[in-house]
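One structure is given here, and the rest of the page talks about it.
The values are calculated or read from the model by the stated rules, or taken from the named source; none is laboratory data. Computed from a prediction, not measured in an experiment: that's the story for all the values here. Because the Cβ atoms are built from the backbone with ideal geometry, glycine has one as well, and the counts that use them run over all protein chains shown.
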Amino acid sequence: MKWAHKDLIGIQELTAGEIGHILDMASSFKEISKRDIKKVPTLRGKTVVLLFYEASTRTRLSFEIAAKRLSADTTALSQAGSSFSKGETIMDAASNVMAMAPDCIVIRYPHAGIPRKMAEFLPCSVINAGDGYHEHPTQALLDMYSLKERFGSLKGLNVAIVGDIMHSRVARSNVYGLTRMGARVTLVAPKTLLPPGVETWNARVSTELDPVIPSADAVMMLRVQMERLNERFFPDIREYSTFYGLNRKRVEAMKDGAVIMHPGPMNRGVEITHDAADSARSIILDQVENGVAIRMTLLYLSLGGAANVD
Ligand code: CP
């Protein structure tokens with residue numbers, strides 16, 4: 001398949017065929033990370049700039065590791081330590097970064113829309129590493145890869161996404177991607193954490209977790225985003241955990257072979273207990289491992305790497 005995209009801003013812009021192509025290619029890239037020497041020359045001479053204006057552990061590190069495993073040069077800038085604190089706008093910063101001739105900018109930003117604006121404005125590839133409540137496309141791709149790896153196909157899978165749907169770019173990207181690939185999604189949250197217009201999303205909605213658990217092939221828990229909750233969306237954390245937390249009893253109610261997912265970072269004791277996070281059903285660290293392979297694939301496709309990865 002010829003890759004037709006300069007940028008990756010959201011899953012919404014990808015066809016099922018393109019998502020399938022990314023997931024298929026990621027297996028070759030995953031194999032590289034299992035070698036003694038985890039490096040191929042595919043993107044030698046290319047420069048990847050990581051602009052992270054919001055905290056990140058997994059996405060930032062895995063993009064950097066992915067780029068380095070493909071021999072690209074990387075440099076990273078976070079909000080702290082940049083000239084943002086001196087009043088420089090993100091678009092001025094982007095123009096200045098562009099003057100240094102990167103081939104790709106990976107951008108995380110606390111507000112929706114900035115990656116798209118940069119992509120329209122800059123000649124290099126732009127990859128969205130999460131923008132506000134909008135999308136986190138690389139997370140959804142690694143989630144879909146992890147499910148496909150476990151179940152063989154996404155078609156017909158029942159995936160429950162549980163928690164703070166309103167503030168979750170992970171939920172949005174996964175609803176777009178999973179349903180496009182033939183999975184069924186059920187969103188579970190208290191009414192106050194469901195976004196306006198959720199009834200127009202291609203997903204079932206439940207305000208109760210217990211009835212959803214037994215039929216789910218995957219239960220994806222979302223972090224309660226304390227930093228975005230500037231008003232009270234539920235009475236208290238203990239009540240939230242009682243009704244919406246994944247605990248040992250709920251794990252025992254899951255069907256044979258069903259898996260537990262979480263994009264991280266986890267609030268242990270809030271949306272997920274230690275028992276659940278560390279249970280044999282958990283594929284949370286597989287998700288992290290697969291994030292490197294997915295991001296290698298996306299850098300390769302975006303930067304027009306060599307024809308093979310040997
Ligand atoms: N899943 C995710 O985006 O994690 P980070 O915020 O640590 O990058």
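Some notes on this structure:
- Candidates Pro263, Pro214: the one that is of a type outside the set (S, T, N, Q) and part of a loop (DSSP other than H, G, I, E, B) is Pro263.
- One residue alone among Thr186, Thr192 is out of contact with any helix residue (DSSP H, G or I) (no Cβ under 9 Å at 6 or more places or on another chain) and not in a loop (DSSP other than H, G, I, E, B), and that residue is Thr192.
- Selection from the range 65-110 of residues that are closer than 19 Å to Thr47 by Cβ, small (Gly, Ala, Ser) and outside any helix (DSSP H, G or I): Ser71, Ala72, Ala76, Ser78, Ser82, Ala99, Ala101
- The listed residue being surrounded by fewer than 19 Cβ atoms within 10 Å (Cβ to Cβ), within 16 Å of the ligand (Cβ to nearest atom) and closer than 27 Å to Gly152 by Cα, out of Gly182, Gly257, Gly264, Gly177: Gly264
- Members of the range 33-60 that are in contact (Cβ under 8 Å) with a residue 60 or more places away in the chain, under 28 Å from Met266 (Cα atoms) and more than 16 Å from the ligand (Cβ to nearest atom): Ser33
- Residue among Asp143, Asp164 that is within 16 Å of the ligand (Cβ to nearest atom), touching a residue at least 60 places away in the same chain (Cβ under 8 Å) and either in a helix (DSSP H, G or I) or within 12 Å of the chain's Cα centre (by Cα) (or both): Asp143
- The set of residues from the range 117-174 being surrounded by fewer than 24 Cβ atoms within 10 Å (Cβ to Cβ) and of a type in the set (Phe, Trp, Tyr) comprises Phe121, Tyr133, Phe151.
- Within the range 198-211, being loosely packed, with under 13 Cβ neighbours inside 10 Å, assigned to a loop (DSSP other than H, G, I, E, B) and under 23 Å from the mean Cα position of the chain (by Cα) holds for one residue alone: Asn202.
One line per residue, one yes/no per condition, for (1) acidic (Asp, Glu); (2) touching a helix residue (DSSP H, G or I) at 6+ places or on another chain (Cβ under 9 Å); (3) not assigned by TED's automatic domain parsing to the domain that holds Tyr240:
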| position | (1), (2), (3) |
| --- | --- |
| Met98 | no, yes, yes |
| Gly113 | no, no, yes |
| Ala129 | no, yes, yes |
| Met144 | no, yes, no |
| Val159 | no, yes, no |
| Met166 | no, yes, no |
